1. Would you please name the residue that is modelled with the lowest pLDDT, looking only at residues in the stretch 154-188 that are hydroxyl-bearing (S, T, Y) and within 22 Å of F34 (Cβ to Cβ)?
2. Applying the selection to the stretch 317-335, what residues are open to solvent by 30 Å² or more (accessible area, probe 1.4 Å) and either out of contact with any strand residue (DSSP E or B) (no Cβ under 6 Å at 6 or more places or on another chain) or part of a loop (DSSP other than H, G, I, E, B) (or both)?
3. Determine whether S126 is farther than 29 Å from G88 by Cα, of a type in the set (S, T, N, Q), surrounded by fewer than 22 Cβ atoms within 10 Å (Cβ to Cβ) and at pLDDT 95 or above.
4. If I filter the stretch 314-321 for residues that are closer than 26 Å to A284 by Cβ and of a type outside the set (V, I, T), do I get at least one hit?
5. If you take the residues in the stretch 359-383 that are part of a loop (DSSP other than H, G, I, E, B) and touching a helix residue (DSSP H, G or I) at 6+ places or on another chain (Cβ under 8 Å), which one is nearest to Q267 (Cα to Cα)?
6. Picking from N314, N356, which residue would you name as being of a type in the set (S, T, N, Q) and in a loop (DSSP other than H, G, I, E, B)?
7. Can you confirm whether G310 is among the small types (G, A, S), in contact with a helix residue (DSSP H, G or I) (Cβ under 9 Å, 6 or more places away or on another chain) and either surrounded by fewer than 16 Cβ atoms within 10 Å (Cβ to Cβ) or under 25 Å from V197 (Cβ atoms) (or both)?
Amino acid sequence: MMSCWFSSIVVWFILVIIIITTTCNNLVESKCAFEAIFNFGDSNSDTGGFNAAFPSQGPPYGMTYFKRPTGRASDGRVIVDFLAQGLGLPYLSPYLQSIGSDFRHGANFATSASTVLMPQTSLFVSGVSPFYLGIQLQQFKLFKTKIDEFQSKGNTNLPPSDIFGKSLYTFYIGQNDFTGELGSKGIGGVKEYLPQVVSQIASTIKEIYGLGGRTFLVLNLAPIGCYPAFLVKLPHESSDIDECGCLISYNNAVVDYNNMLKDALAQTRKDLSDANVIYVDTHAVLLELFQHPTSHGLKYGNKACCGQGGGSYNFNQEVYCGNTKEINGQTLSATACEDPYNYVSWDGIHATEAANKITANVILNDGSIFDPPFSLHKFCDIQPVG
């Protein structure tokens, strides 16, 4: 009896040692050269900034993961959430969120409806965010100044002042500059100011470099010609639709912009020889998802999960996701599907959590979408995202 008891104690002790050893090993294995992420962007990477400034988001946004609206333009998480998870970091707090934020591992300056260029109109007129890239840069500079100022005061929700040289800087912005006036100006009109857009992104990188930043990931523009909203809203002929249901001319224009961005970043890389300035071809990943959703465990490419009208696109530009409106004496509501995990498009304009997760996994694990070739595995022990 005593022998059995003693044997049990020994087994228990061995198990404890194994658990402790495994935990310690995991802590070692999960080390990452990047101690923080600073993100600049629009609704594709906003984690609640716009909603903190202008509270408005309601259900069904956030239904999949958070089970409530969080200011993310999706049913769940966005790409930058998964990137943080993959690097072993917590989700980024929005810079504009005054309550509950933790900036020890970075901050998110992105807000929905943001542009690269200064908007020429008001939020209350056109819906364009006042927090364009120039403002986001100024916010970052102020953030850095405050870190230096409060460092000696021991604030536990702020990072150390040397964090900026140990951080990953991500940019996912430009879609609103491209699409904002497509309907009125057409592709030709929009192309006239796109060089200013890429130039502004490049100059922003250089300014952050001057403040200590050394690694920059710049995500390119998604194939907006495959998005349900633009398939409904943008003028086109039936001959402009390809075999996968996407708008040929608009997607070609996106490719032209992306090539322009790629060239601008190549020049920036030459100017900043000791920095990693990386062009990220998320366009290729999303185009593949839209064109071949079933090959990646999804079902619907060009159809919105949350929308109104059903049909091929389930998008009504008069009634956006989560809204109810009376039109011609009829009450119409844009509601969510029950299976967003089967869709690429969440609300006609933004991706679902499922699509964002696939895209983030490619960024974390496949260096082939980077120019020049780049691997996050060389800097971090990449963690699985779930």
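1. From the stretch 154-188, those hydroxyl-bearing (S, T, Y) are 156, 161, 167, 169-170, 172, 179, 184; that's our starting set.
Still in the list and also within 22 Å of F34 (Cβ to Cβ): 156, 161, 167, 169-170, 172.
Values: T156: 75, S161: 93, S167: 98, Y169: 99, T170: 99, Y172: 98.
The qualifying residue modelled with the lowest pLDDT is T156.
2. Residues of the stretch 317-335 that are open to solvent by 30 Å² or more (accessible area, probe 1.4 Å), as a first pass: 317-318, 320, 322-331, 333, 335.
Passing the criteria: Q317, E318, Y320, G322, N323, E326, I327, N328, G329, Q330, T331, T335.
3. On the way: farther than 29 Å from G88 by Cα: yes; of a type in the set (S, T, N, Q): yes; surrounded by fewer than 22 Cβ atoms within 10 Å (Cβ to Cβ): yes; at pLDDT 95 or above: no.
For S126, the condition - farther than 29 Å from G88 by Cα, of a type in the set (S, T, N, Q), surrounded by fewer than 22 Cβ atoms within 10 Å (Cβ to Cβ) and at pLDDT 95 or above - is not met.
4. Taking the stretch 314-321 as the starting set, the residues that turn out to be closer than 26 Å to A284 by Cβ are 314-315.
If we keep only those that are of a type outside the set (V, I, T) too, we end up with 314-315.
Within the stretch 314-321, one or more residues are closer than 26 Å to A284 by Cβ and of a type outside the set (V, I, T).
5. Let us first name the residues in the stretch 359-383 that are part of a loop (DSSP other than H, G, I, E, B), namely 366, 372-375, 379, 381-383.
Filter again for touching a helix residue (DSSP H, G or I) at 6+ places or on another chain (Cβ under 8 Å), leaving 372-375, 381-383.
Numbers: P372: 12, P373: 16, F374: 17, S375: 21, D381: 30, I382: 29, Q383: 32 Å.
Taking the candidates together, the pick is P372.
6. Details: N356 fails: in a loop (DSSP other than H, G, I, E, B).
On inspection, the qualifying residue turns out to be N314.
7. So G310 does not fit the description; no.
Residue by residue, here is whether (1) of a type outside the set (S, T, N, Q); (2) in contact (Cβ under 8 Å) with a residue 60 or more places away in the chain holds:
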{"position": "F40", "(1), (2)": "yes, yes"}
{"position": "D75", "(1), (2)": "yes, yes"}
{"position": "G86", "(1), (2)": "yes, yes"}
{"position": "P90", "(1), (2)": "yes, no"}
{"position": "L96", "(1), (2)": "yes, no"}
{"position": "G100", "(1), (2)": "yes, no"}
{"position": "L117", "(1), (2)": "yes, yes"}
{"position": "Q120", "(1), (2)": "no, no"}
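The values are calculated or read from the model by the stated rules, or taken from the named source; none is laboratory data. Just so we're clear, the structure is a prediction, and the values are computed from it rather than from any experiment. Here Cβ is always computed from backbone atoms with ideal geometry, including for glycine, and neighbour counts include all displayed protein chains. Side chains included, ligands, DNA and RNA excluded: accessible areas come from the protein's heavy atoms. Shrake-Rupley method; radii C 1.70, N 1.55, O 1.52, S 1.80 Å.
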